[in-house]
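The values are calculated or read from the model by the stated rules, or taken from the named source; none is laboratory data. As the structure is a prediction and not an experimental result, all values here were calculated from the model. A quick note on method: Cβ atoms are made from the backbone with ideal geometry, for glycine too, and the neighbour counts reach across all protein chains shown. Protein only, heavy atoms only, side chains kept; ligands, DNA and RNA dropped before computing areas. Shrake-Rupley method; radii C 1.70, N 1.55, O 1.52, S 1.80 Å.
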Amino acid sequence: MARMKFLCDAERCIECNGCVTACKNENDIPWGVNRRRVVTINDGNHGERSISVACMHCSDAPCATVCPVDCFYTTNDGVVLHDKDICIGCGYCFYACPFGAPQFPDSGAFGSRGKMDKCTFCAGGPEQNNSVEEHRKYGANRLAQGKLPLCAEMCATKALLAGDGDRVSDIFRERVMYRGAGALQWGWGVAYDKQGIKG
Amino acid sequence: MKSFRFWIFLVGLSCLPLAGLFFGTQALAETTAPAAINNPNPGIELWQAVRGKLDSPTATQVRGHDSSVLVNPQGELWMSIRNSRLIPQGGQALLVVLLIILGVYAVRGPVKLASGESGRQVDRHSVNSRIIHWLVAGLFVILGITGLFLLLGRPLLIPVIGKTAFSVIAAASKEVHNILGPLFPFALIFMFVNLVRRNLYEKGDLAWVAKGGGMLGGGHVSAGMFNAGEKILFWSTIFLGIGISVTGYVLDFPNIASWVLATSTEFTQYRHVMGYAHVIHSVIAVLFIALAFGHIFLATLFVPGTLSSMTSGKVDSNWAKEHHDRWYEEIRNKSSGDNADP
């Protein structure tokens, strides 16, 4: 059984925010809600790296354990989804999530938190696959069409990988074997005055 | 003897590789190591920065209090406190308090008036006092029930009524709790102004506490308008109320810090701040509800004749004489007695 996973290759991400835009467009996400975001560490300094982050579809999802109405479920593909008909928009999942994935539109009474919205791995929700209702609540269901999440499909540098965890880790492992890591990386000696190349 | 030598030989042989290791390291130490790489592997620092262990500057185009935080380690702490402390132990604490109350009622029974009812009523609480009391009480009961739904509904109610039905209750609870909650501190302020004069320390309060309000040793203990137990209730309500109001406002208005403390950057409602506020709010709520259980029990079942002071505002004169003798003397000295005490 496939277990869907995201992996962001920090050596490749160039902070173009293409994944963020692709996600917003494909899923018709309202203003103020970002299912995916790109975070840049040491922006403009030595050692700058960017990472694109969204819901990581945890095996032991903290959001699911703290939810007071138990609205989360894990699909057969290992994707963590939630039922917006049951969600009450309390925000507890946001406190528990390590990655800041849950988002809340201001749609409750007096502008309070509305029902939670988060990355669905482009797998929709509990409604009929690719129905109008499903698209309205959860956005696209590309998995049901045999496609992978659009953020990863659109990534210009193929930094963001999405798909079966085994396949994703095979691709990443091959990259690391080929280009090396840290001081063994191609270009390291050029960038750092050949200090990286031993002997 | 022969076999002994053989074993010595075997042990010596097996130690040879260790000797090699010893001499080998000596040799390695003598040769000069190749020049170390000046640049540390950025991968190490990167993943430490991702976990927030270095104070590296982070940036993102998404606006929010801490949207540039990649991994929030406090979330797991909050999750474990909520799931393994607040929910089971909060529920158990309330159950234990109810059992204690049941035990006290079974052992000591209702405290009836020794001289029976006189039939003569005296004024105890004014209309203002009663309105304020029921304002606080009404808000408290609504907030308590809706709060308990959110805390204990998943383990207790979902198995009984199912997720869909419970979701309706929980959604209503969330809205009611969020909208009525902010009114609670105002009700408390009214009550504080109304009752604080009568809840200051008086002579005889310590004696009342020492005798457990008559629970220990038997016999009634002298008391004024409010006995020491009622004063403890009052001050507990005020202090628990302050705590629950402050944390409640933090939770209910996720941007309140930027409105109220616009000039200060010291306090920002990050996720972990909200988590701590939630834990404090829940602990205070459980203590508050336990206190309310005690108060309701004492005022209705345990001491009959008390409830009328909060409905009609009047109590039987014998009730006043036996439970609040010094107050009874006080109102009797005021001759007519038609002007009610607050």
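For B:Lys231, a cut-off of 30 angstrom between C-alpha atoms picks up these lysines, skipping any fewer than 8 places away in its own chain: B:Lys112, B:Lys203, B:Lys211, B:Lys314, B:Lys321, B:Lys334.
Sites count as exposed loop sites when they are chymotrypsin sites (Phe, Trp or Tyr not before Pro), lie in a DSSP loop, and have at most 14 other Cβ atoms within 10 angstrom; the longest stretch of chain A without one is A:32-185. The Rg/Rh ratio for the stretch A:4-191, using Cα coordinates for both the radius of gyration and the Kirkwood hydrodynamic radius, is 1.00.
Ordering of B:317-325, B:298-306, A:53-61 by packing is B:317-325, A:53-61, B:298-306, highest average first (other Cβ atoms within 10 Å, averaged per residue). For the protein assembly as shown, the mean residue ellipticity at 222 nm estimated from helices alone is -15500 deg cm²/dmol, where every DSSP H run of n ≥ 4 contributes -39500 (n - 2.57) and the total is divided by all residues, rounded to the nearest 500.
Sequence-ordered 3J(HN,Hα) estimates for the stretch A:68-74 from the Karplus curve with 6.51, -1.76 and 1.60 and θ = phi - 60° stand at x, 10, 6, 9, 8, 8, 10 Hz, glycine and proline given as x.
Restrict the search to the stretch A:129-159; then list the trypsin sites (Lys or Arg not before Pro) that DSSP places in a loop and that have at most 13 other Cβ atoms within 10 Å of their Cβ. Don't jump to the answer; show the numbers that get you there.
Working: sites: A:Arg136, A:Lys137, A:Arg142, A:Lys147, A:Lys158; in loops: A:Arg142, A:Lys147, A:Lys158.
Answer by residue number: A:Lys147, A:Lys158.
Counting Lys and Arg as +1 and Asp and Glu as -1, what is the net charge of the other residues whose Cβ lies under 12 Å from the Cβ of B:Val283? Before the final figure, lay out the partial values.
Values: positive: B:Arg82, B:Arg85; negative: none.
Net local charge, B:Val283 excluded: +2.
Here is the list for the stretch B:178-264: trypsin sites (Lys or Arg not before Pro) lying in DSSP coil, each with at most 10 other C-beta atoms within 10 angstrom of its C-beta, are B:Lys203.
Annotation: B:Arg332 carries an accessible surface of approximately 140 Å², with a 1.4 Å probe and no ligand, DNA or RNA atoms counted.
Counting Cβ atoms of other protein chains within 10 Å of each residue's Cβ and taking the mean over peptide A:30-43 gives 5. Separation of the stretch B:270-306 and the stretch A:57-89 by C-alpha centroid, Å? Spelled out, the Cα-based centre of one part sits 31 Å from the other.
Could you state how much accessible area is buried at the A-B interface, both sides summed, with a 1.4 Å probe, in Å² to the nearest 100? List each step's numbers first, then the result.
Numbers: alone 11510 and 22120 Å², together 29560 Å².
Heavy-atom accessible area buried at this interface is about 4100 Å².
Comparing B:Val246, B:Val286, B:Ala187 along the charge dipole axis of the stretch B:123-333, the residue lying farthest to the positive side is B:Val286, per the Cβ-charge model. Residues of the stretch A:75-92 whose accessible area (probe 1.4 Å, heavy atoms of protein chains only) drops by at least 50 Å² once all protein chains are present, relative to their chain alone: A:Ile86, A:Ile88, A:Tyr92. Summing charges over neighbours of B:Thr237, with a neighbour being any other residue whose Cβ is under 12 Å away from its Cβ, gives 0 when K and R count +1 and D and E count -1.
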